[in-house]
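Novice: I have a structure here, written as structure tokens, and I will follow up with some questions on it.
The values are calculated or read from the model by the stated rules, or taken from the named source; none is laboratory data. Just so it is clear, the model here is predicted, and its values are computed rather than measured. Note that each Cβ is placed from the backbone with ideal geometry, even for glycine, and that neighbours are counted across all protein chains shown.
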Amino acid sequence: MSASLTDLKPILKLFVREKKRGLLLGAVMSATTAAAGVALLGLSGWFITATAIAGTAAATAITFDVFAPSAGIRLLAIGRTASRYGERLTTHDATLSVLAALRERLFRGWAKAGAARDLARRPARLLFRLTGDIDALDSLYLRVLVPAGVAILAALATGIALGLMHPLFGLSAALLLFAAGLGIPLCAGRLAAAHARRRAYGIEALRARTIDLVAAQSDLLMAGRIEAQATAISAADRYAADADDRLNRIESIVTLGFGAASTFLLTGALLAVSALAGAGTITAPVAALGILIAFAAVEPFGALRRGALELGRTLLAAKRIGPRLADEQPAGRHAAPSTEFAIELAGVSAAYDAAATPVLVDINLTLKAGEKLALIGASGAGKSTLLALLAGEIAPLHGMIANDAATLMTQCTELFQDTVGGNLRLAHPRATVDDLKAALAAAGLLADIVALPANLGTRLGEGGMGLSGGQARRLALARLFLRDTRLWLLDEPTEGLDRATARDVMARLSEKADGRTLVIATHIRREAEITDVIATLDGGRIAGISRRGETAFEDALNRLRPD
């Protein structure tokens, strides 16, 4: 994956929009620190030299003003310390604030239609986007933009200061600083870009393979693939280590290059001030000032070293994150339907990928508010896709869609390593204990939860470990009951449950859904029996719609799998 500077545009726009004042203040503080450092060293050299010369003659020593230069040195020293503190405070605060906003925007991007599916399918990769890639972007401001700006200002200021001694001296010093100070980091950045990307890929692969080893160790053991997975982890580690080694070599070359440039500039400055002092153009103290300014002028460019080495990683992170930055308005919301309807679809086609063959084709469907609809059909007919479309998880390719705000209960019960109450509050963060208990009672799970050691505060393991399959399904049902939406979407809600539990779940669901609109994707008779309408899907199209009381409705029920 190649990356270019244009990939930084959305990131830079976010930086400016979120913390423009803080970023500018940090840059000013950084420039002030660098300028104070150069001025402090130059003034100190001039003062020491001038004092030494003044001390050789009594008349000069008496008239020499030591107070103004010493006050200037103290002022610069205090100013440098204060600006350094302010620089660290403002630049890091601004950077951390921007990265926090970036993480929020990235989450919003994942809330777009279709993004949740990618998150579930590739969690390790997207976790790396949220951690490693965003962390890589702190180099953009702290190690690239600010140091580059400060270095350019330092080169200009040095050229002007030395140019006051002699124009050619100042011009030569400025050109050398620009050529070496910016040229070396640019060359290093080009050399290091590929290796920085390789390092990022290697670390990502290392993390993903390690997570796979830990999460799927039982499956790997049964398949006899533990050793192969360990070998794959070692290969990723070697890949990242090799990239690290090459980056370290480039960094050593850059350090050597800056050292050579500094030596060359200092030698040239020494020869230039010697010639100027010999010609009487400048005095010895001014000559010392010129040498020390030249000596200190290279220091700001050294800060570009790490930024140049990490630029490739930063560009890669920007390329991967930029397209996921969401607009302010959340995606996936559909227009409101007409007053009497809960769902209105007209000529809708949909797919999980805009370039893929459509899963749903020319869907026309209306459902009145409060009605219950069963979606039936063979596996792959498009039932789950239609639910995802209504839930706003995928966007239609074309056609008109309008439906009430919906809550989707998928086939997989998603529970987390948290308390029972914490898992329930995902649906209603401000729910009281009474609200949680009422939902659990409605789902037929309250007695089981009350019997646990810590009641609602009982911690579950990863994936809801600690509950049986039936209990986990009921907990998901209680979470659905906490969602106060007018449209509930359920994908095979009792699949995998024993007959008695499944019938109890359906009875409770039917009772709790009274007055709400219900859409159930199913191939089991007990789930379709509670509905008013059955829509049969075949090859992504609606092959037929029947209502309760019609012969076609009973025929559709009879084709479903019995309890």
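Novice: Out of all the residues in the range 274-292, which are free of Cβ contacts under 8 Å to residues at least 40 places away in the same chain, in a helix (DSSP H, G or I) and over 18 Å from L43 (Cα atoms)?
Specialist: Within the range 274-292, S274, A275, G278 meet the criteria.
Novice: Restricting attention to the range 81-136, report how many residues are buried (at least 19 other Cβ atoms within 10 Å of the Cβ), among the small types (G, A, S) and either at pLDDT 85 or above or over 25 Å from T410 (Cβ atoms) (or both).
Specialist: 3
Novice: Specify which of the listed residues (T501, T494, T413) is touching a residue at least 60 places away in the same chain (Cβ under 8 Å), within 28 Å of A556 (Cβ to Cβ) and of a type in the set (V, I, T).
Specialist: T413
Novice: Are any residues in the range 511-563 free of Cβ contacts under 8 Å to residues at least 24 places away in the same chain and surrounded by 17 or more Cβ atoms within 10 Å (Cβ to Cβ), and if so, which ones?
Specialist: Passing the criteria: S546, F553.
Novice: Looking only at the range 356-371, which residues are under 17 Å from P337 (Cα atoms) and buried (at least 22 other Cβ atoms within 10 Å of the Cβ)?
Specialist: Scanning the range 356-371 gives I363, L367.
Novice: Additional query: I'd like to check something: does the range 308-328 contain any residue that is more than 22 Å from A528 (Cβ to Cβ) and either touching a strand residue (DSSP E or B) at 6+ places or on another chain (Cβ under 7 Å) or at pLDDT 90 or above (or both)?
Specialist: Among the residues of the range 308-328, not one is more than 22 Å from A528 (Cβ to Cβ) and either touching a strand residue (DSSP E or B) at 6+ places or on another chain (Cβ under 7 Å) or at pLDDT 90 or above (or both), which makes the answer no.
Here's the yes/no breakdown for (1) in contact (Cβ under 8 Å) with a residue 12 or more places away in the chain; (2) among the aliphatic types (A, V, I, L, M); (3) over 25 Å from G202 (Cβ atoms):
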| position | (1), (2), (3) |
| --- | --- |
| G224 | no, no, yes |
| Q229 | yes, no, no |
| A236 | yes, yes, no |
| Y239 | yes, no, no |
| D244 | yes, no, no |
| R249 | no, no, no |
| G257 | yes, no, yes |
| A261 | yes, yes, yes |
| F264 | yes, no, yes |
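Novice: From the list L206, L182, which residue is within 26 Å of G268 (Cβ to Cβ), surrounded by 14 or more Cβ atoms within 10 Å (Cβ to Cβ) and not acidic (D, E)?
Specialist: From the options L206, L182, the qualifying one is L182.
Novice: Something else now. Could you grab me the full set of residues in the range 344-378 that are of a type in the set (S, T, N, Q) and under 17 Å from I534 (Cβ atoms)?
Specialist: Those that are of a type in the set (S, T, N, Q) and under 17 Å from I534 (Cβ atoms): N364, T366.
Novice: Check whether at least one residue in the range 268-291 is closer than 28 Å to L191 by Cα, in the same structural domain as A179 (by TED's automatic domain parsing), at pLDDT 85 or above and of a type in the set (G, A, S), and report yes or no.
Specialist: So far as the range 268-291 goes, no, none of its residues is closer than 28 Å to L191 by Cα, in the same structural domain as A179 (by TED's automatic domain parsing), at pLDDT 85 or above and of a type in the set (G, A, S).
Novice: Hey, can you tell me all the residues within the range 433-458 that are surrounded by 14 or more Cβ atoms within 10 Å (Cβ to Cβ) and in contact with a strand residue (DSSP E or B) (Cβ under 6 Å, 6 or more places away or on another chain)?
Specialist: Residues satisfying the conditions do not exist here.
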